[in-house]
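Trainee: The structure under discussion is supplied below as structure tokens; questions concerning it will follow.
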Amino acid sequence: MKKTLIYIIVAAVLIGLAAWKISDNKKKQETEVKEVAKQVDKINVNVITVTRENINTDYSANGTFIPKQEMNQSADISGRVVSVFVKEGSRVGAGQVLATIKRDAIEVDVTQAQNNLQNAIADNQRYENAYKTGGVTKQQLDNSRLQLKNMQAAVRAQGVKINDTSIRAGISGTINKKMVEPGMVVAPGTALFEIVNINSLKLSVLVDESQIGRIALGQEVAINVNVLPEESFTGRITFIAPKSDASLNFPVEIEVQNRGNLKAGMYATALFKTNNGAETQNMLTVPAEAFANGVSSGQIFIIQNGTAKMITVKTGKVYGDKVQIISGLNGGEQVITSGQINLDNGSKINIVK
């Protein structure tokens, strides 16, 4: 009986110890879970401290040179080419004959049209005289006059064909490509010569919407040409597109007088100066990546008492990856630059860097 009682007491003690251990472990687990929860509740972010800095306000845009004028010269009539007077690299003037098409058959048609015209002139003269004496009716005279006009038009048409046997340059420039040889049969609209005018060139660039208001037609622009680093060039803005492309960039063309060393297709950089001519300005800026819903929204998160606070700032111009802040920040604030997608107003944050 005593042994049984001892066993019962020992068992009770052991059960009590086990219960206490389980309870103690549970408390420790709960403490650890709460601590982890506190950390999980915080969102990792990167921050920068807002300061004023000197920003280079010049804006650059890259592009390629295109000819001021270029065209594919074609034939106006069908026929066999008998002569080609130019080669690739030849300089030509507007109206200069580049090649000729065989004209024998057309000359025969011209002779026939001229003979028909002489007959029409003679017939019309007889009708004119006969009408005065009442020998023909007014309708017969009108038909004779119409026939005369038709024959005159036919002679002019054959004269146009004769002129079209000479393929002439539509613009002044240089033969960049020749696609015809004597003996070839050509048709109207077939490109025979590629002519480019590079006495002056146009640098075609794309200007961001944030910068388009800073430039104007006629403005002088400095240009650096990659393959000619020792030389400097200047051009004038001749075209600013009234409509942007799908990426909100505006096509702009800058005309540059060619001193002989520029070629169409060369890569170059246009440097647009600010209106006041200053190279740098001291201003308050934040990185473009700091804006929660794009720069246009003006919304950024700053750190306040260990939490994220969304504010709206008034932005100015964009300089590369920097955005000018006109109002809303004074400097010294900590602005969140990454992790905004996970933030709400008042979210607890953990600063990574």
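Trainee: Could you list, in sequence order, the residues of the stretch 311-321 that are surrounded by fewer than 17 Cβ atoms within 10 Å (Cβ to Cβ) and part of a strand (DSSP E or B)?
Mentor: ILE311, THR312, LYS314, GLY316
Trainee: Next question. Yes or no: the stretch 312-324 includes at least one residue that is farther than 30 Å from ILE215 by Cα and modelled with pLDDT of 85 or more.
Mentor: Looking through the stretch 312-324, none of the residues is farther than 30 Å from ILE215 by Cα and modelled with pLDDT of 85 or more.
Trainee: Are any of the residues in the stretch 161-184 open to solvent by less than 40 Å² (accessible area, probe 1.4 Å) and out of contact with any strand residue (DSSP E or B) (no Cβ under 8 Å at 6 or more places or on another chain)?
Mentor: There is at least one residue in the stretch 161-184 that is open to solvent by less than 40 Å² (accessible area, probe 1.4 Å) and out of contact with any strand residue (DSSP E or B) (no Cβ under 8 Å at 6 or more places or on another chain).
Trainee: A further question on this structure: Can you tell me which condition ALA154 does not meet? The list is (1) more than 25 Å from the chain's Cα centre (by Cα); (2) under 30 Å from ASP58 (Cα atoms); (3) open to solvent by less than 40 Å² (accessible area, probe 1.4 Å), and all the others hold.
Mentor: Only one criterion is unmet by ALA154, namely (2).
Trainee: Oh, and also: Of all strands (runs of 3 or more DSSP E) completely enclosed by the stretch 82-182, which ones contain at least 2 residues that are within 30 Å of MET71 (Cβ to Cβ) and among the basic types (Lys, Arg)?
Mentor: Correct list: 173-178.
Trainee: Do you know which of the residues in the stretch 325-337 that are part of a strand (DSSP E or B) and open to solvent by 40 Å² or more (accessible area, probe 1.4 Å) is farthest from VAL207 (Cα to Cα)?
Mentor: Of everything passing the filter in the stretch 325-337, GLN334 is farthest from VAL207 (Cα to Cα).
Trainee: Go through (1) open to solvent by 30 Å² or more (accessible area, probe 1.4 Å); (2) out of contact with any Asp or Glu (no Cβ under 8 Å at 6 or more places or on another chain); (3) of a type in the set (Gly, Ala, Ser); (4) in contact (Cβ under 8 Å) with a residue 24 or more places away in the chain for SER232 and report which single condition fails.
Mentor: Going through the list (1) open to solvent by 30 Å² or more (accessible area, probe 1.4 Å); (2) out of contact with any Asp or Glu (no Cβ under 8 Å at 6 or more places or on another chain); (3) of a type in the set (Gly, Ala, Ser); (4) in contact (Cβ under 8 Å) with a residue 24 or more places away in the chain, SER232 breaks only (4).
Trainee: Just give me the residues in the stretch 235-267 being surrounded by 11 or more Cβ atoms within 10 Å (Cβ to Cβ), small (Gly, Ala, Ser) and without any contact (Cβ under 8 Å) to a residue 40 or more places away in the chain, in sequence order.
Mentor: Once the filter is applied, which keeps residues that are surrounded by 11 or more Cβ atoms within 10 Å (Cβ to Cβ), small (Gly, Ala, Ser) and without any contact (Cβ under 8 Å) to a residue 40 or more places away in the chain, the stretch 235-267 yields GLY235, ALA241, SER244.
Trainee: Restricting attention to the stretch 40-74, and to residues there that are in a loop (DSSP other than H, G, I, E, B) and out of contact with any Gly (no Cβ under 8 Å at 6 or more places or on another chain), which single residue is farthest from LYS309 (Cα to Cα)?
Mentor: Checked the stretch 40-74; the qualifying residue farthest from LYS309 (Cα to Cα) is ASP58.
The values are calculated or read from the model by the stated rules, or taken from the named source; none is laboratory data. Predicted, not measured: the structure shown is a model, and the values here were computed from it. Every residue, glycine as well, gets a Cβ built from its backbone with ideal geometry; the counts of neighbours run over all protein chains shown. Areas reflect the complete protein model, heavy atoms only, side chains present, ligands, DNA and RNA absent. Shrake-Rupley method; radii C 1.70, N 1.55, O 1.52, S 1.80 Å.
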